[in-house]
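Input: a single structure, listed below in structure tokens.
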Amino acid sequence: MAPCLSIFFLFIVTFCVTLTAAAAGGHYSLPTFFPRPAYQSLIKHAKTPKPKLPFKTRYFPQTLDHFSFHPKSSKIFYQKYLINTQYWHKGAPIFVYTGNEGDIEWFAANTGFMLDIAPKFRALLLFIEHRFYGESMPFGKDSYQSAKTLGYLNSQQALADFAVLIRSLKQNLSSEASPVVVFGGSYGGMLAAWFRIKYPHIAIGALASSAPILQFDKIIPWSSFYDAVSLDFKDVSQNCYEVIKGSWAELVAISNQKQALAELSKAFRTCKSLHSTASVLEWLWTAFVYTAMVNYPTEANFLKPLPAYPVQQMCKIIDKSPSGATKLSRAFAAASLYYNYSQTENCFEVEHEVDPHGLHGWHWQTCTEMVMPMTCSNESMFPPSGFDYKKFAEQCRMKYGVLPRPHWITTEFGGERIEKVLKRFGSNIIFSNGMRDPWSRGGVLRNISATIIALVTEKGAHHVDFRAATKDDPDWLIQQRRQEVENIQRWLDEYYVDLRHA
């Protein structure tokens, strides 16, 4: 959601999968789904070098709780933001990225589109870090200590943070007439769209890329996400799809052997001996899901370093494997592209990957308000699975001492009637989606009105339009960005006309 992933990503996946159910002839259970770039068995936030970006880092004294007046509500924490004023002048627009689940530098480094268009609009660029991520920790090192602190982590507080910070910045710049356009990808795209609906007096428009705002309740079929992942591989090669689909049964068969862990540790070149065969399934599953999400037309390093069109490259590895190779070994070879395209890994941390972007707060969000049920149908290349809400809720209760509110997002922002809500209360929103991105199935794929439009590309991946332009970009991507710029220009032109006549 990401990161979707943020990815998510954000726009991003963590699974609880039981091999024993499949071994017994039953279905896999996927009670917990975290839609963001994730890693198996997350360990503490790794200290990785920050990318060099053309921004200055600032910190804003933010209010802990915007919606109550208890004594603790007025506690201040320092919210990080990045700012670039290189092209800006007083009265010119302010482009704001509504940060999602991770370090704000990570999103800034992967949203070159805003830097590309800033000179044209003479825009100030502002990337605001989401509370409880990166350095924006309301309780410092104790921010994740318990539900008492994590209770302040939700989308409504985050939207209010953005609103307060933007208003304060405009006042400090003595440029309160500057129009604001918000941008976001994956979960950040959801926030951008919701911000335009909730705070139309602050933002004149929103560009929401790969924003699955329809992924809640029963608005879309629960199997949509994994059906889309499977279709990405099937469209490249039927054999590739069949090999991956058949690899899970081979994994189950090995898991029933006495020396299963030792055999799998050797076959998957693990850095440390495995403790669970389920972790192997998760490792493979993650590689296929995220490669489908970031099936970009050019080389990229969003979740991992990957070549252009990595799904095609994975299928090429499978299709060119020796005829005697097992399906599981072919699946491993393909997944290795995701984890080791750079050819720098001598072994794989199957059970102990680090969390380089500080994403683990998303676990809390999915256990409270971001409940997105997902299943695997018989058409999927993944084992058939259901969504057991009772088990999911019990896991959340055991981990955090809270129960999810599965209908809260649709109550707060609109459910099955979201299109009517947008048509009645919204305007100036672009929903951009690429149909190669499995998150697109939860996005807005058709125009709702003349001012709430959907830009859909058949070959697009997860918020690919937000990536910096390159000489190798295909024509359809160039055209998509051109349409986005044209719509933003129209919003601004209308705003300045209204301002002159005010």
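The values are calculated or read from the model by the stated rules, or taken from the named source; none is laboratory data. Predicted model, so just to flag it, every value in this text is computed and none were measured. All Cβ positions, even for glycine, are placed from backbone atoms using ideal geometry, and neighbour counts span all protein chains on display. Just so you know, the surface numbers come from the protein's heavy atoms only, side chains and all, with ligands and any DNA or RNA stripped out. Shrake-Rupley method; radii C 1.70, N 1.55, O 1.52, S 1.80 Å.
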Checklist entry - Taking region 223-340 on its own, what percent of its Cα-Cα pair distances exceed 25 Å? => result 21
Next on the checklist: I need two numbers for region 444-502: Rg to one decimal and Dmax as a whole number, Cα atoms only, in Å.
Outcome noted: 14.3, 45
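In the chain, what is the volume of the convex hull around the alpha carbon atoms, normalised per residue and reported in Å³?
Output value, Cα hull per residue: 144 Å³.
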Next on the checklist: If you roll a 1.4 angstrom probe over the protein chains with everything in place, what fraction of the accessible area of the chain belongs to carbon and sulfur, to the nearest %?
Outcome noted: 53
Checklist entry - Cα-based Rg (one decimal) and Dmax (whole number) for region 346-426, in Å? => result 17.1, 56
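Calculated from DSSP H runs of 4 or more alone, at -39500 (n - 2.57) each and per residue, what is the 222 nm mean residue ellipticity of the chain, nearest 500?
-11500 deg cm²/dmol, from helical runs alone.
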Item to check | Cα-projected label distance for residue 271 with residue 499, points at 7 Å along beta-carbon direction, nm | outcome: 5.1
Checklist entry - How high is the relative contact order of region 223-340, in percent, counting Cα pairs under 8 Å that sit 6 or more residues apart? => result 31
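For region 68-183: lysine pairs with Cα atoms under 20 Å, gap of 8 or more or different chains, count? Present the calculation step by step, with values, prior to reporting the outcome.
On the way: 72/141; 72/148; 75/141; 75/148; 80/141; 80/170; 90/120; 90/170.
Here the count comes out as 8.
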Next on the checklist: Below 19 Å, Cα to Cα, which aspartates and glutamates can residue 56 reach? Residues fewer than 8 away in the same chain don't count.
Outcome noted: 103, 105, 116, 129, 135
Checklist entry - Taking a spot 7 Å from the Cα of residue 446 along the direction of its beta carbon, which residues of region 194-224 have an amide N less than 19 Å from it? => result 211-216, 218-222, 224
Item to check | Under 15 Å between alpha carbons - lysine pairs in region 223-340 that sit 8 or more apart or on different chains | outcome: 5
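Let me check I've understood the local charge: for residue 270, count other residues with C-beta under 10 angstrom from its C-beta, Lys and Arg +1, Asp and Glu -1. What total comes out?
+1
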Checklist entry - R0 = 41 Å: FRET efficiency of residue 156 with residue 235, Cβ-based, nearest 0.05? => result 0.60
Checklist outcome for this item: With residue 152 itself left out, Lys, Arg at +1 and Asp, Glu at -1 over residues whose Cβ is under 13 Å from its Cβ give 0
Item to check | Local electrostatic count, residue 245, Cβ distance below 13 Å [Lys/Arg +1, Asp/Glu -1] | outcome: -1
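Could you give the accessible area per residue of the chain, probe 1.4 Å, as a whole number in Å²?
Computed with neighbouring chains in place, this is 40 Å² per residue.
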Next on the checklist: Across region 389-443, what fraction of all alpha-carbon pairs, as a whole percent, falls in each successive 10 Å bin from zero upward?
Outcome noted: 19, 30, 32, 19, 1
Checklist entry - So between residue 173 and residue 258, what do we pick up on full extension, going 0.36 nm a residue minus the alpha carbon distance? => result 23.8 nm
Checklist outcome for this item: In the chain the DSSP beta bridges are antiparallel at a rate, in percent to nearest 5, of 35
